[in-house]
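Participant: Sharing a structure, written as structure tokens. Questions coming.
The values are calculated or read from the model by the stated rules, or taken from the named source; none is laboratory data. All of these numbers come straight from a predicted model, not from anything done at the bench. Because the Cβ atoms are built from the backbone with ideal geometry, glycine has one as well, and the counts that use them run over all protein chains shown. The area values use the complete protein model at the heavy-atom level, side chains included, leaving out ligands, DNA and RNA. Shrake-Rupley method; radii C 1.70, N 1.55, O 1.52, S 1.80 Å.
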Protein chains: 2
Amino acid sequence: MDFYKNEPKTLLAVDCVILGFNGESLEILLVKRAIAPERNKWSLMGGFVQDDESPERAASRVLKKLTGLTNLYMENCGIFGEPGREKRRVVSITYFALIDTKQYKHILSEEYEAKWFPLNDHPKLIFDHEDMIAAAKHTLRTKAALYPILFELLPEKFTVPQIASLYECVYDIDLDKRNFSRKLLASGLIIKLNEKDKNSKKGAFYYRLNMDIYKEKIMSFLRYLPGWSTE
Amino acid sequence: MDFYKNEPKTLLAVDCVILGFNGESLEILLVKRAIAPERNKWSLMGGFVQDDESPERAASRVLKKLTGLTNLYMENCGIFGEPGREKRRVVSITYFALIDTKQYKHILSEEYEAKWFPLNDHPKLIFDHEDMIAAAKHTLRTKAALYPILFELLPEKFTVPQIASLYECVYDIDLDKRNFSRKLLASGLIIKLNEKDKNSKKGAFYYRLNMDIYKEKIMSFLRYLPGWSTE
């Protein structure tokens with residue numbers, strides 16, 4: 001019996017918004033598209049969902065092919081299925097991934113001419129790929145308020161100027177750096193280490209995240225709900 | 001030119017987790033499935049994404065067909081695409097919607113034998129529809145911590161026992177009611193009205209949400225980030 005035989009079938013794709021932090025600014029990994037249409041134009045890295053894999057595994061496969069990396073922080077950030085978005089009918093599920101670029105850039109695949117660009121200054125992209133980036137930024141902002149995912153982008157130890165740059169990139173804001181430092185330090189959210197960054201001009205101290213305080217700050221708002229867990 | 005001609009095509013469906021609050025407990029709207037396979041079994045309301053609509057519009061169409069309602073609060077809460085989830089390869093995008101059932105139950109469609117069940121006591125569902133409900137609950141819990149979406153489920157004025165029941169249903173917890181009331185009132189989050197619920201045994205007072213305090217409580221955690229908005 002051919003159930004559903006009168007229902008339309010669709011090409012289902014995944015596209016990956018791969019964001020990286022190089023210690024100073026937020027970057028996005030783009031590729032030159034290897035297939036028609038729009039061949040050789042800048043694009044997010046994508047691929048089609050195969051019959052024997054879930055969309056999430058398709059995204060992992062695409063990411064691995066491009067970066068060699070597995071087990072990245074990866075999350076769905078939108079479904080792009082407007083009928084006119086490509087010349088052919090393709091519904092795309094978009095994922096974003098977070099990478100510490102300093103740690104990983106050496107294993108980027110050459111095959112796709114993959115290149116890191118500043119997140120706020122990259123070439124024009126095909127189809128609705130810029131909307132996908134906007135969706136990834138929106139998801140990142142919302143999640144970053146509740147979970148310490150921004151720290152996926154930072155090395156284990158980081159300087160205050162580094163984290164200020166990261167927040168400036170994600171939230172598209174200019175921070176008053178002194179004020180930001182003062183509030184961040186007063187929050188108890190980060191712990192000063194006995195070591196300086198030798199690459200920075202003034203020799204900024206390294207810090208690490210205080211996970212206990214982070215959780216505590218989230219919980220203080222939710223405390224009147226017994227049994228609540230952020231998991 | 002037939003771009004992508006060697007790529008697999010997939011049946012793309014939407015399924016809707018429709019949650020309602022009847023003033024006392026949280027309910028889910030289920031239908032008896034009208035088509036094979038699994039005909040006549042209890043199921044979430046779903047449908048196939050057509051070539052001329054986005055998945056989101058497909059979900060709105062399905063919701064309207066079943067409830068007569070438009071402009072419901074609706075949000076994607078997961079993508080279900082494991083190869084073996086149905087006998088045919090179908091990838092489903094799941095949405096959840098929130099309804100005040102007292103306000104809307106009169107216009108439910110008869111065609112699908114749609115019926116409200118207690119969220120924690122409903123018949124066994126086909127395929128992976130129970131996982132879809134679990135995904136909706138997870139999204140609801142996370143969002144409810146940051147945004148006042150639970151109040152989409154409440155009438156404009158509500159009693160403290162009503163909101164306690166709602167939180168008990170969403171978070172699967174037993175609240176110490178006296179303690180909950182005391183903390184909720186102390187939070188300033190709700191404002192007492194000069195009117196009692198005549199249906200409740202002890203004549204509980206009505207309240208409404210204090211949106212200013214709600215936003216303030218969210219912002220207190222985020223204050224060290226200037227320029228942050230929860231939008």
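Listed here are the residues, each with its yes/no results for (1) within 8 Å of chain A (Cβ to nearest Cβ); (2) at pLDDT 80 or above.
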{"residue": "B:179", "(1), (2)": "yes, yes"}
{"residue": "B:183", "(1), (2)": "yes, no"}
{"residue": "B:187", "(1), (2)": "yes, no"}
{"residue": "B:192", "(1), (2)": "no, yes"}
{"residue": "B:199", "(1), (2)": "no, no"}
{"residue": "B:205", "(1), (2)": "no, yes"}
{"residue": "B:210", "(1), (2)": "no, yes"}
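For every residue, the table says whether it meets (1) over 25 Å from the mean Cα position of the chain (by Cα); (2) at the interface with chain B (Cβ under 8 Å from one of its Cβ atoms); (3) modelled with pLDDT under 70; (4) part of a loop (DSSP other than H, G, I, E, B).
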site: A:131; (1), (2), (3), (4): no, no, no, no
site: A:143; (1), (2), (3), (4): no, no, yes, no
site: A:175; (1), (2), (3), (4): no, yes, no, yes
site: A:217; (1), (2), (3), (4): no, yes, yes, no
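Participant: Would you confirm whether or not segment A:14-30 contains a residue that is within 17 Å of the chain's Cα centre (by Cα), within 14 Å of chain B (Cβ to nearest Cβ) and within 27 Å of residue B:48 (Cα to Cα)?
Facilitator: Scanning segment A:14-30, I find at least one residue that is within 17 Å of the chain's Cα centre (by Cα), within 14 Å of chain B (Cβ to nearest Cβ) and within 27 Å of residue B:48 (Cα to Cα), so the answer is yes.
Participant: Can you name the condition, by its number, that residue B:118 falls short on among (1) modelled with pLDDT of 75 or more; (2) more than 17 Å from the chain's Cα centre (by Cα)?
Facilitator: Here residue B:118 meets the rest and fails (2).
Participant: For residue A:51, work out the one condition from (1) modelled with pLDDT under 95; (2) surrounded by fewer than 16 Cβ atoms within 10 Å (Cβ to Cβ); (3) within 10 Å of another protein chain (Cβ to nearest Cβ) it doesn't fulfil.
Facilitator: Answer for residue A:51: the failing condition is (1).
Participant: Can you find a residue in segment B:177-192 that is open to solvent by less than 20 Å² (accessible area, probe 1.4 Å), assigned to a helix (DSSP H, G or I) and more than 30 Å from residue B:13 (Cβ to Cβ)?
Facilitator: Within segment B:177-192, one or more residues are open to solvent by less than 20 Å² (accessible area, probe 1.4 Å), assigned to a helix (DSSP H, G or I) and more than 30 Å from residue B:13 (Cβ to Cβ).
Participant: Name every residue in segment B:1-50 that is out of contact with any strand residue (DSSP E or B) (no Cβ under 6 Å at 6 or more places or on another chain) and of a type in the set (Val, Ile, Thr), in order of residue number.
Facilitator: Correct list: B:35 only.
Participant: Determine which member of the set B:64, B:5 is more than 14 Å from every other protein chain (Cβ to nearest Cβ) and of a type in the set (Lys, Arg).
Facilitator: Details: B:5 fails: more than 14 Å from every other protein chain (Cβ to nearest Cβ).
Residue meeting the stated conditions: B:64.
Participant: In segment B:54-73, what residues are open to solvent by 80 Å² or more (accessible area, probe 1.4 Å) and either of a type in the set (Ser, Thr, Tyr) or not in a loop (DSSP other than H, G, I, E, B) (or both)?
Facilitator: The initial filter retains those residues of segment B:54-73 that are open to solvent by 80 Å² or more (accessible area, probe 1.4 Å), namely B:56-57, B:61, B:64-65, B:70-71.
Within segment B:54-73, B:56, B:57, B:61, B:64, B:65, B:70 qualify.
Participant: Sticking with this one: Taking residue A:76 and the conditions (1) assigned to a strand (DSSP E or B); (2) open to solvent by less than 30 Å² (accessible area, probe 1.4 Å), which numbered condition does it fall short on, given that it satisfies the others?
Facilitator: Condition (2) is where residue A:76 drops out.
Participant: Go through (1) part of a helix (DSSP H, G or I); (2) charged (D, E, K, R); (3) modelled with pLDDT under 80 and name the single condition residue B:231 misses.
Facilitator: Of the numbered conditions (1) part of a helix (DSSP H, G or I); (2) charged (D, E, K, R); (3) modelled with pLDDT under 80, the odd one out for residue B:231 is (1).
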